[in-house]
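Accompanying notes for the structure given below.
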Amino acid sequence: MRKILTISLLFLIAIAVQAQQKVKEVLIMHHSHLDVGFTHLQPVALALQVEYINQALELLDRTADYPEASRPKWTCEVTEPVMMWLETATEKDIQKFGNYLKEGRICISALEYNTTPLASSEGLARQLYDAAELSKRFGVPITTANLHDATGLPWPIVDLFKDAGVEMLTMAINLHLSGTPKPRPAVYRWQSPGGREILVMNGEHYSMFDQWTNNHTGSLDTVQAGLDKYLSYAASMNYPYDFVYLTATCAPYAYDNSPPNFDLPALVKRWNEEGRQPKLRFVTPKDILARIKQIPSENIPVVKGDWTDFWNFGAASSAKETQISLNTASNMAVIDLLAAFGNSNQQLRNANSQIWEDVNFYNEHTWGAWNPLEIHHPFPTAQWNIKANAAYEGMAFSKFSLVRYLQQLAGNERAYDKIEGIMLVNPGSASARVYPQVPDDWFIPGKRIETWLMGGDRFERTPNLGKFYSPVEIPPYSWKKVPFSQLKEAQPEFPIKSGKDFIETDFYLLKFDPATGKVTSLFDKKLKREVLNTNSPYGFFQYVHEKPDPAVNPLRTAFHVRSVENERIGLTGWKPDWKASYSSITLKECKVELTPFTATLVITSIAEGTDGLVQKIVLHADSPIIDLEADLLKTENVMPESIYFAFPLSLEAGWKGFFDTADVPVELDNEQLPGSCHDWVTVSSFASIHDRQFGATLYCPDAPMVMFGDFNFGRNQSVIPRDKNPLLLGWATNNYWETNFRGAQPGQIKLRYAFQSQGTYNMAEVSKTAQLVSSPVILHPVVNCAATESKSFLTINQEGVRVTYVKESDDRKAKIIRLVNLTDKAMDADFSIPGMQVAAAWRCSTTEEKKDALKVQGNLVKINLRPREVTSVRVE
């Protein structure tokens, strides 16, 4: 036994020596990791980050005469603290900051925050605008970005980075309840759907120089021993390069929101002066980029796919506020569209700017305190209230702005005595045929004021009270005004039928058990097929409560046990065979409510996790889309639990899954990076599941978490099994995180989904329909409406192209139009802006700078679009 141990020890020593000989330098990036919260209340955390820039300048001043490798450098991990610092910094310090930027001793990362996949493509783009402003101000291009702590970014970020001049992304994934592509550390060429690439340094978790070396001891021998261990580990991973990269914060005193470590430069200087190996060198991400560029491109592996985030399941710990923030971002897309073609005063511009600040703040990866399970403790309570405020404030401003722009488009006065007609606005890429449901009181004369439209809960984009009127066709990106005199009360061409246990429309026959509330069958009449797996224990849109099995282990340790030491060597704490317990509803009432155009199955029940639950399944006479609503009164429970809505589907084995991330569709597994999260996904708007002939799509305007195939939490699967009759799961709420996210979310939570049975998967059609569900046609009163009037904001002439966003340029001289080609092949496309003579158009950067001039004919702009690439166009 002793002989075996001796041989093992000699083997490890040999690996360490070999690693030391191969690795010539350890590159140290010194920074402060920004958690907007967690360790401190959010305003305090941001104030500290501002102060740390002053401290970093002092540190750099003190060490100006240090030898080049030992001379410290500072990295501003994200842009928000820099923008805040500039508001109060002296001109002298700003000049000094700029000089250090030019010298390369300070570097700024391109992203506004360490963000999450809640961000839309526009939300990600907006996070790069501060970097563009800083680049111009200081005359130093920002060519690198960091994502620290958080565990992935939506695939479209590759093209958005590329078009913003960002060449490299450095990752520092936290393996707590997550995972990472392997090997790590590693350098990749991350390829977009259209084939463009950025470099990625998939580095160790931040502060790992501190954690491996224990440099706070001041002992070079301790540092040497720690480095030897790390280099042995890297060698065991077949790490191929002659440098390693680690980051330093101020651990163990502060890992997050930490100040510059004034002791570290002297230690590095002593190490290098003693000639210890490998050499230590302070670097910034730009230095790492320069080092990686020395590696022959063909020696850097290519990876292609979505870097699907693990951590965002925590967003479902605040399901109500997540829904509000997502809906606010949807409102903002309409606001910016109307603003681009309307008039904005300074008040509206300020409101719109604040909305984006709130949305991006909410999407930042920190939801709260390090101790959220102490749900009544003042610290997590305060943190949550500050975080939630962003969702509620953004919502309020979005209602204000949207009503103002709709009033402007309608030509309404601020006060009026009668309404003469309606205005319908279609802000999406799909044509819509709607039977407007006009509230009865719109027909009643009497004074009204604009303020009333913004008050309380009266603001609704699509009122659902009142009679249905004759159908109106609304092309994409257009509006139409219709006088009341031309509205006729409508009746469906195919009336809805219903009985004690069924609802039948022209599209579906739905059957349910009135004794249990379970939907037992959904027959697609057009495709002549049963949509559901009728043998499943779950019905259509069935509520399912999940928790660790109390008979085995009722705690969060049932599915994950953390070991920081294991995470240092790439091992996660998942327990894939954990035992879960499942329950569903106890029915109180099951009834059908009818209007001429809808039949709603209303299921009222009690269920674990709630103090009451009402589910509505709405079938339409004029549409194959089934609207779904869950209204639950969530109990306050700090023990781990999840709530799902199940869709048991009748599909062949070998089915495929699809979802969209930052508005771009991807395929489950085949278009996800190995090592990223496959067990669950964050969708922008839809999740589709299809076999060779049939399938279905779940549209998710309010709740973005979805699972394919089965209940997958914690299973840590690299590929989702493709068994026959899969479940598609809307993952509505959970509190599985023990830190950072909310420990409990009591109160009313109201979530919408929509469902559609389909044939084979059509990426473009599903994406456009998803946009229509998330951003439906808007109905607004018109005061003076003598005749029908209509106009298109813009016209796209190719079926496979979707506009993801339209806005006025920041310099107010142009319109910015973002397009995505929803096919797998490059295509020539053109679009026009009716009524506008286009002087010139350019393919532009993500942040609106002109790049390539485009061909313009009259008001027609021509452009070639790469596959599934968000492309920005500037039109003047």
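The values are calculated or read from the model by the stated rules, or taken from the named source; none is laboratory data. These numbers come from a predicted model, not from an experiment. As a convention, Cβ positions derive from the backbone with ideal geometry for all residues, glycine included, and neighbour counts pool all protein chains shown. These accessible areas exclude ligands, DNA and RNA; they are computed on the full protein's heavy atoms, side chains included. Shrake-Rupley method; radii C 1.70, N 1.55, O 1.52, S 1.80 Å.
Give me the accessible area per residue for the chain, probe 1.4 Å, as a whole number in Å².
Working: 32360 Å² over 876 residues.
For the chain, the solvent-accessible area averages 37 Å² per residue.
Calculated FRET efficiency, SER790 and ASN859, Cβ-Cβ r, R0 30 Å, to nearest 0.05? Spell out each step's value before the answer.
Values: r = 17 Å, r/R0 = 0.58.
E(calc), rounded to 0.05, equals 0.95.
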- Could you tell me, in Å, what Rg and Dmax come out for the Cα atoms of segment 186-240? 15.7, 50
- Item | Rg ratio (alpha-carbon, reference 2.2 N^0.38 Å) - segment 140-210 | 1.11
- How about LYS815: which aspartates and glutamates have a C-alpha closer than 18 Å to its C-alpha, ignoring those fewer than 8 places off in the same chain? GLU122, ASP163, ASP336, ASP830, GLU848, GLU849, ASP852, GLU876
- Taking one equal scatterer on every alpha-carbon of segment 305-405, how large is log10 of I(q)/I(0) by Debye at q = 0.11, 0.19, 0.20, 0.21 1/Å? -0.40, -0.90, -0.95, -1.01
- Message: With θ taken as phi - 60° and the coefficients 6.51, -1.76 and 1.60, list the Karplus ³J(HN,Hα) couplings across segment 757-768 in order, rounded to whole Hz; mark glycine and proline as x.
- Response: 6, 9, x, 6, 6, 10, 4, 5, 5, 5, 5, 5
- Pairs of Cα atoms farther than 19 Å apart, segment 638-691, %: 39 percent
- Query: Size of segment 479-619 along its principal axes in angstrom, Cα-based, largest extent first?
  - Reply: 73, 43, 35
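Sort GLU122, GLU298 by accessible area with a 1.4 Å probe, largest first. Please report the intermediate quantities before stating the final value.
Details: GLU122 5, GLU298 145 Å².
So, going from the largest accessible area down, we get GLU298, GLU122.
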- Query: Taking amide hydrogens as modeled 1.01 Å from N in the peptide plane, which residues meet the under 5 Å criterion relative to GLY612, leaving out close sequence neighbours?
  - Reply: ALA607, LEU633
- Task: List, in order, the whole-Hz ³J(HN,Hα) value for each residue of segment 733-749 obtained from phi through the Karplus relation with A = 6.51, B = -1.76, C = 1.60 and θ = phi - 60°; use x for Gly and Pro.
- Result: 9, 6, 9, 6, 5, 9, 8, 6, 8, 5, x, 7, 9, x, x, 6, 10
- Message: Whole angstrom only: what separates the Cα centroid of segment 804-868 from the Cα centroid of segment 367-433?
- Response: 29 Å
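When the dipole is taken about the Cα centre of the chain, and only Lys, Arg (+1) and Asp, Glu (-1) are charged at their Cβ, what size is it in debye, to the nearest 20? Intermediate results must be reported in sequence, preceding the final value.
Working: 88 positive and 100 negative charges, 244 e Å.
Taking the Cα centre of the chain as origin, the dipole is about 1180 debye.
With the cut-off at 1.5 for a/c, could you classify segment 698-744 from its C-alpha gyration tensor as rounded, prolate or oblate? Write down the numbers at each step before the final one.
On the way: a/c = 2.99, a/b = 1.47, b/c = 2.04.
The shape class here is oblate.
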- Alpha carbons only, please: Rg and Dmax for segment 568-639, in angstrom. 18.8, 63
- Message: For segment 472-553, take N as its residue count and report Rg(C-alpha) divided by 2.2 N^0.38 Å.
- Response: 1.74
- Measure up LYS511/LYS750; LYS518/LYS724; LYS547/LYS579; LYS825/LYS850; LYS511/LYS616 against 18 Å on the Cα-Cα distance and list the ones that go over. LYS511/LYS750; LYS518/LYS724; LYS825/LYS850
- Message: What translational diffusion coefficient, to the nearest whole µm²/s, does segment 63-130 have by Stokes-Einstein, given a Kirkwood radius computed over alpha-carbon pairs, a temperature of 10 °C and 1.306 mPa s viscosity?
- Response: 116 µm²/s
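Just the Kirkwood number for the chain, please: inverse of mean 1/r across all distinct Cα pairs, in Å, one decimal. Don't skip to the answer; put the middle values down first.
Working: mean 1/r = 0.0347 Å⁻¹.
Hydrodynamic radius (Kirkwood, Cα only) of the chain equals 28.8 Å.
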- From the Cα gyration tensor of segment 747-876, with a ≥ b ≥ c the square roots of its eigenvalues, which class applies: rounded if a/c is under 1.5, or else prolate if a/b is larger than b/c, or else oblate? oblate
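Note the full-extension length gain between PHE484 and ASP440 as 0.36 nm times their separation in residues minus their Cα-Cα distance, in nm to one decimal.
Working: separation 44, 0.36 × 44 = 15.84 nm, distance 1.17 nm.
That works out to 14.7 nm of additional length.
Could you order VAL26, VAL140 so the one with the most accessible surface comes first? Probe is 1.4 Å.
Largest to smallest exposure gives the sequence VAL140, VAL26.
Quick one: compute a quarter of the convex hull surface over the Cα atoms of segment 408-460 and quote it in nm². Walk me through the numbers on the way to the answer.
Working: hull surface 18.6 nm².
The number I arrive at for segment 408-460 is 4.7 nm².
Across segment 243-348, how many lysine pairs, 8 or more apart or on two chains, come within less than 25 Å at their alpha-carbon atoms?
Values: LYS269/LYS279; LYS269/LYS286; LYS279/LYS293; LYS286/LYS304; LYS293/LYS304.
Lysine pairs meeting both conditions in segment 243-348 amount to 5.
Please give the calculated 222 nm ellipticity per residue for the chain, where each DSSP H segment of at least 4 residues contributes -39500 (n - 2.57) and the sum is spread over every residue; nearest 500 deg cm²/dmol? The partial results should precede the final answer.
Details: 17 runs with 223 residues, N = 876.
Helices in the chain give a 222 nm mean residue ellipticity of -8000 deg cm²/dmol.
Whole number please: convex hull volume per residue, Cα atoms of segment 362-519, in Å³.
Values: hull volume 35.5 nm³, N = 158.
Expressed per residue, the convex hull around the Cα atoms of segment 362-519 is 224 Å³.
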- What nm distance separates the two modelled labels at ALA551 and PHE494, each placed 7 Å from Cα along Cα→Cβ? 4.7 nm
- Message: Based on alpha-carbon centroids, what's the gap between segment 168-201 and segment 25-68 in Å, whole number please?
- Response: 25 Å
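Cα convex hull of segment 252-295: mean projected area in nm², to one decimal?
On the way: hull surface 18.2 nm².
Computing the convex hull of the Cα atoms and averaging its projections yields 4.5 nm².
Quick check on packing: order 485-493, 73-81, 510-518 by the mean number of other C-beta atoms within 10 Å, highest mean leading.
Numbers: 485-493: 13.2, 73-81: 26.0, 510-518: 18.7.
Top to bottom by mean Cβ count within 10 Å: 73-81, 510-518, 485-493.
Taking all protein chains in place and a 1.4 Å probe, what share, in percent, of the accessible surface of the chain do carbon and sulfur account for? Could you put the intermediate results ahead of the total?
On the way: 16710 of 32360 Å².
Result for the chain: 52 percent of the exposed heavy-atom area is carbon or sulfur.
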- Contact order relative to length of the chain, as percent, for alpha carbon pairs under 8 angstrom and 6 or more apart: 14 percent
- Residue by residue through segment 701-706, which ³J(HN,Hα) values in whole Hz follow from phi under the Karplus form 6.51 cos²θ - 1.76 cosθ + 1.60 (θ = phi - 60°), with glycine and proline marked x? x, 10, 10, x, 8, 9
- Residues whose placed amide H lies under 5 Å from that of VAL801, excluding near-sequence neighbours: LEU822
- Task: Can you tell me the FRET efficiency between ARG529 and LEU633 if r is taken as the Cβ-Cβ distance and R0 is 35 Å, rounded to the nearest 0.05?
- Result: 0.45
- Counting only the heavy atoms of the protein chains, how much of TRP442 is accessible to a 1.4 Å probe, in Å² to the nearest 10? 30 Å²
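Mind checking the full-extension length gain between LYS825 and GLU765? Use 0.36 nm per residue of separation minus the Cα-Cα distance, one decimal, nm.
Values: separation 60, 0.36 × 60 = 21.60 nm, distance 1.59 nm.
Extra length from LYS825 to GLU765 when fully extended: 20.0 nm.
Once the Cα gyration tensor of segment 837-876 is found, what semi-axes does its equivalent ellipsoid get, as square roots of 5 times the eigenvalues, in whole Å, sorted largest first?
Details: eigenvalues 59, 31, 10 Å².
The three semi-axes for segment 837-876 are 17, 12, 7 Å.
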- With a ≥ b ≥ c from the Cα gyration tensor eigenvalues, square-rooted, and the rule rounded for a/c under 1.5, otherwise prolate when a/b > b/c and oblate otherwise, segment 726-794 is oblate
- Query: Put +1 on the Cβ of every Lys and Arg and -1 on every Asp and Glu Cβ in segment 374-438; which of ALA391, PHE379, LEU402 then has its Cα farthest towards the positive end of the dipole?
  - Reply: LEU402
